[in-house]
Structure formats: structure tokens, C-alpha cells
Amino acid sequence: MKSKSNAPAKPDRALPAAKWVPILDAAGLTPQALADAKTPHARAIKLGQWLSAKVGREMPVCVGGRSGKAVLRVIGARANEKRYYVEITWDRAQEPGPPKALKGGVSKPKKKEKSSVKHKAVTKPAGKHKSGGNDEGW
């Protein structure tokens, strides 16, 4: 069963397991299975196995005073690659706060500058022409 969310999914931000390794390392959430893997490729495989077991589980999250639920999702990519992303559903909409003041006050829209070059076709006035058929003096 698919869960309902307040925001559309962002599968374009989904990452393969190999890209999740440095993210989880930086957050200090590295699973024990990765400690045994020696090469980066082996770490990516072990993390992919670990993440695939966690797909679809709901976890409560609290960020900046907002609470909600996070669900690990997976989408298929080419060559049977799996890409993982986190879908967050907030419990309530964020309360609107006072608008932030702009630096330097309110700016007025800029007026379009007039160009000094006019792009009009130049025509010669109709008048007497020399008999040669052109205006050049030979």
C-alpha cells in the first residue's frame, strides 16, 4: 500500500547505494555490515543489501520543531540498479511566520533604458536621379 504524502516524490534526487556510503559515514549511521567490507564496491553492495531491507518502513522524524514520518523508498534505474530516497510526510503544515525584511528596503522595479541606436530603415527621399540609374558619382 502506498502512503499519502503532502509533497510530491523526488525520484530525481534518488541515489544509488554507492552514493549513500559517504552520507551515512558523515552522519555516523554506518551499519556494522560495512565494517567487514574492504573495497568501495563491496561497501556499496553491503549498503544496498542493508537499505533494501529497510524500504517501506516508517520512522518518526522531528526537524526544526516539525514532526512527521520518513519512509525509505526505492525506484528502479537502468541495468537493474536501485536508487533510494527518503519520502517525508509532515504531520501538519508549517505555520506561516512574519515575512523576512529585505535588505535595503523595498526595491522599485527598474525602468527599461532607451537604446540610443534606432533600428529604422533609412530611405532616400524621392527626387531627381542622375541618368545613370544610381546616385554614385563616377
**Request:** Can you check what the net charge comes to around Val61, using other residues whose Cβ is under 13 Å from the Cβ of Val61 (Lys, Arg +1; Asp, Glu -1)?
**Result:** 0
**Item:** Local electrostatic count at Gln49 - Lys and Arg +1, Asp and Glu -1, tallied over other residues with Cβ under 13 Å
**Value:** +3
**Request:** Subtract the Cα-Cα distance of Leu15 and Ser52 from 0.36 nm times their separation in residues, and report this length gain in nm to one decimal.
**Result:** 12.0 nm
**Asked** In sequence order, what are the phi-derived ³J(HN,Hα) couplings for segment 83-90 according to the Karplus relation 6.51 cos²θ - 1.76 cosθ + 1.60 with θ = phi - 60°, rounded to whole Hz, with x for glycine and proline?
**Response** 10, 10, 8, 10, 9, 10, 10, 7
**Complete:** Taking the square root of 5λ for each eigenvalue of the C-alpha gyration tensor of segment 11-90, the equivalent ellipsoid has semi-axes, largest first and in whole angstrom, of 23, 16, 10
**Asked** At what distance in nm do the modelled label points of Glu81 and Ser67 sit from each other, each positioned 7 Å from its Cα along Cα→Cβ?
**Response** 3.9 nm
**Fill in**
Phi-derived 3J(HN,Hα) across segment 49-58 with the Karplus relation (6.51, -1.76, 1.60, θ = phi - 60°), rounded Hz, x for Gly and Pro, is 5, 5, 5, 5, 6, 9, 5, x, 7, 8
**Message:** If each residue of separation counts as 0.36 nm, what is the full-extension length gain between Trp90 and Gln32 once their alpha-carbon separation is subtracted?
**Reply:** 17.8 nm
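Laboratory data are not the source of any read-out in this text; all were calculated from the coordinates shown. Predicted model, so just to flag it, every value in this text is computed and none were measured. Because the Cβ atoms are built from the backbone with ideal geometry, glycine has one as well, and the counts that use them run over all protein chains shown.
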